[in-house]
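Have a look at the structure below, then the notes.
The values are calculated or read from the model by the stated rules, or taken from the named source; none is laboratory data. Keep in mind that this is a model prediction, so the values were computed, not measured. Positions of Cβ are generated from backbone atoms using ideal geometry, with glycine treated the same way; all protein chains shown enter the neighbour counts. SASA here: full protein model, heavy atoms, side chains in, ligands and nucleic acids out. Shrake-Rupley method; radii C 1.70, N 1.55, O 1.52, S 1.80 Å.
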Amino acid sequence: MDEAVRQALAKWPNVPSCTGWLRLSRRGEWCVPEGPIRHPGLRGFINRNFEATADGRWFFQNGPQQVFVNLDYTPTILHLAAPDRLETHTGKPVAAVSGAWFDEEGSLLLATEHGIGLLDDRDLAAFCAHLDGDLESADAPLSLAWAGQTLPVGRIRQTEVASRFGFVARPA
């Protein structure tokens, strides 16, 4: 969290939170009702101050105000930064992948030290080079070879993701 944000919290501790204004897209874009936020400085500020409450509601700490984020899918979106390197939508490098699942629409979810993340669909074709098995068959076993380890790739329904991984997609 930025130091200026910490100071604002200390100065104004009881500012009401905001909901329904900020959204994280399935591609890792911050969006407001008018559309995606394009200003690099504002995106960077949101990225640095994006956190979760103990009950799994994700927010952007905007000075003294918590701006709760509606998640189009997961609280983390993953991008291939290089053929063998992942990073989060906030720019954090991924050191380890501990689990992988395909949902019923073919979206790939990965468990990392940053929590559960959806792989950006634009990176899925390139990432499939790390998968072994028949991608066309829902019954065939799949595995992921990543960073010197091999992990089984499971199946999960989209409706189960938030509860299984402990986050709230639409905080009130």
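Placing +1 on the Cβ of each Lys and Arg and -1 on the Cβ of each Asp and Glu in the chain, which of Leu71, Ala125, Val161 has its Cα farthest towards the positive end of the resulting dipole?
My answer, from the dipole projection, is Leu71.
Taking the Cα-to-Cβ direction at Val32 and at Ala4 and moving 7 Å from each Cα, how far apart do the two end points lie in nm?
So the two model labels end up 1.6 nm from each other.
How much of the accessible area of the chain, in percent, comes from carbon and sulfur atoms when a 1.4 Å probe is used?
Solvent-exposed carbon and sulfur of the chain make up 51 percent of the total.
Write down the accessible area per residue of the chain in Å², having rolled a 1.4 Å probe over the full set of protein chains.
Ligands and nucleic acids excluded, the result is 53 Å² per residue.
Using heavy-atom solvent-accessible surface (probe 1.4 Å) with all chains present, what is the largest-first order of Trp146, Trp21, Trp101?
Trp21, Trp101, Trp146
So how strong a dipole does the chain carry about its Cα centre when Lys and Arg Cβ are +1 and Asp and Glu Cβ are -1, to the nearest 20 debye?
800
Please work out, to two decimal places, the log10 of the ratio I(q)/I(0) at q = 0.11, 0.17, 0.23 Å⁻¹ from a Debye calculation in which every Cα of region 52-145 carries one identical scatterer.
Log10 of I(q)/I(0), two decimals: -0.37, -0.78, -1.24.
Compute a Gaussian network model of the chain, connecting alpha carbons closer than 10 Å, and tell me which residue from Arg23, Arg122, Arg43 fluctuates the most.
Arg122
Quick one, which of (1) 0.94; (2) 1.11; (3) 1.24 is the actual Cα Rg over 2.2 N^0.38 Å calculated for this model?
(2)
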